[in-house]
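Novice: Structure in structure tokens, see below.
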Amino acid sequence: MQKIGLIIVPGIIATALFVGINSFDTLSHEVDPRIINLNFNAYSEGINTILYDDKGNIKYTLQADRQVHYNDDSIELEKPFIRVHQERDSRWNIVANSGRILASQTTTDGPFKRIELSGDIQVYRLDEFGDRTVISTEFLTLNTESEILETAKLRTDEINFLRAIRGRYEQTKN
């Protein structure tokens, strides 16, 4: 009798385990896919956006390796590259590791009033002589409407350049 008990008990345990595991697997396949909630509604790679002014001239271009458009209408950018155009010519170029366009910044008057950029930002341009002007920072906000760049470091003195700026630069000696 004990020999039969040694065979029956492990058999019952094995059967219970098999039925239990099978029921979990069946439940996981019965989930309605509409119930799963994603927090984004669009994902793009290799984007290239051109935005025009009222006269049909290119105002600026926005390129990025990746763009994720979230359900709250905010947009995350990976490796954004922005070219600001003035008088039909590319004047300023901005590259960064990442960027963000908040939902409140997309309006019916036009998209992207403010773009927040972060991580190894380089703002540069070439003048008519081919000399390069470069600004480097870790955080920057671009107002595409007024074409103003804003950046600040709270732990150091702040310098604001908003009007009547004069400057000079010297060529480095080799």
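Novice: Could you calculate the contour length gain from Lys55 to Arg100, that is, 0.36 nm times the residue separation minus the distance between their Cα atoms, to one decimal place in nm?
Specialist: Numbers: separation 45, 0.36 × 45 = 16.20 nm, distance 2.73 nm.
That pair, Lys55 and Arg100, stretches by 13.5 nm at full extension.
Novice: Using θ = phi - 60° and the Karplus form 6.51 cos²θ - 1.76 cosθ + 1.60, what ³J(HN,Hα) does each residue of region 47-54 get, whole Hz, x for Gly and Pro?
Specialist: 7, 9, 10, 10, 10, 10, 8, 5
Novice: Something else now. Ordered by residue, what ³J(HN,Hα) values in Hz, to whole numbers, does region 76-82 give under the Karplus form 6.51 cos²θ - 1.76 cosθ + 1.60, where θ = phi - 60° and Gly and Pro are x?
Specialist: With coefficients 6.51, -1.76 and 1.60, one gets 9, 10, 10, 6, x, 9, 10 Hz.
Novice: To continue, here is another question. When Lys and Arg each count +1 and Asp and Glu each count -1, what net charge do the other residues less than 12 Å away from Arg66, Cβ to Cβ, add up to? Intermediate values should be presented prior to the final figure.
Specialist: Details: positive: Lys79; negative: Glu45, Asp65, Glu76, Glu78.
Summing Lys/Arg as +1 and Asp/Glu as -1 gives -3.
Novice: Roughly speaking, what is the stretch gain from Glu78 to Asp131, that is 0.36 nm per residue apart minus the C-alpha to C-alpha distance, in nm to one decimal?
Specialist: Details: separation 53, 0.36 × 53 = 19.08 nm, distance 2.86 nm.
16.2 nm is the gain from fully extending Glu78 to Asp131.
Novice: Near Tyr43, within a Cβ-to-Cβ distance under 13 Å, what is the net charge of the other residues, with Lys and Arg +1 and Asp and Glu -1?
Specialist: Numbers: positive: Arg66; negative: Glu45, Asp65, Glu76, Glu78.
Residues close to Tyr43 contribute a combined charge of -3.
Laboratory data are not the source of any read-out in this text; all were calculated from the coordinates shown. The structure presented is a predicted model; accordingly, all values stated were derived computationally and were not measured. Quick reminder, even Gly has a Cβ in these numbers, built from the backbone with ideal geometry, and neighbours come from all protein chains shown.
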